[in-house]
Amino acid sequence: MTSLLLLLLLVLLVGVPAFAYLKKPAALGLASLLPPLLFQLGNWMYLGYLDPFWPIALVVSGAIALVAAMAVGQLVGRFAHQR
């Protein structure tokens with residue numbers, strides 16, 4: 001549960017600036033691909049080795065991050081156009 005919250009926090013931290021400053025397809029790609037990579041990098045630094053199932057974890061967390069990034073994009077798009 002903690003790792004899911006950490007992944008969603010990374011999506012939020014990467015997604016808000018991405019959707020505020022980039023066009024939507026590039027921002028969605030950045031906001032959905034960078035957080036799982038950062039999560040795996042942090043896991044590697046913490047454990048000292050890569051998890052043997054890191055490709056599977058990258059695909060699953062990428063799918064979760066894509067859904068979360070779409071939600072973040074909708075929220076940022078709604079509030080960014082009110083300025």
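Close contacts from region 7-24, counting a first residue that is more than 22 Å from Val60 (Cα to Cα) and a second that is modelled with pLDDT under 90, with Cβ to Cβ under 7 Å and a gap of 6+ residues or different chains, come to Phe19/Val76; Phe19/Gly77; Ala20/Val76; Ala20/Ala80. When residues in region 33-75 are screened for being open to solvent by 100 Å² or more (accessible area, probe 1.4 Å) and among the charged types (D, E, K, R), 0 of them pass.
Quick one: in region 9-18, which of the residues that are farther than 17 Å from Arg78 by Cα and open to solvent by less than 70 Å² (accessible area, probe 1.4 Å) is nearest to the chain's Cα centre (by Cα)?
Of region 9-18, the ones farther than 17 Å from Arg78 by Cα are 9-11, 13-14.
In the following step, the residues that additionally are open to solvent by less than 70 Å² (accessible area, probe 1.4 Å) were identified as 10-11, 14.
Details: Leu10: 5, Val11: 3, Val14: 6 Å.
Only one residue tops the list, namely Val11.
Contact map, region 31-53: first residue within 13 Å of Gly15 (Cβ to Cβ) and modelled with pLDDT of 90 or more, second residue surrounded by 14 or more Cβ atoms within 10 Å (Cβ to Cβ) and not aliphatic (A, V, I, L, M), Cβ cut-off under 6 Å, separation 6 or more or different chains; pairs are Ala31/Gly15; Pro36/Ser61; Pro36/Gly62.
The values are calculated or read from the model by the stated rules, or taken from the named source; none is laboratory data. This structure is a prediction, so every number in the text was calculated from the model and none was measured. Note that each Cβ is placed from the backbone with ideal geometry, even for glycine, and that neighbours are counted across all protein chains shown. Side chains are part of the model used for accessible areas, which takes the heavy atoms of the whole protein and leaves out ligands, DNA and RNA. Shrake-Rupley method; radii C 1.70, N 1.55, O 1.52, S 1.80 Å.
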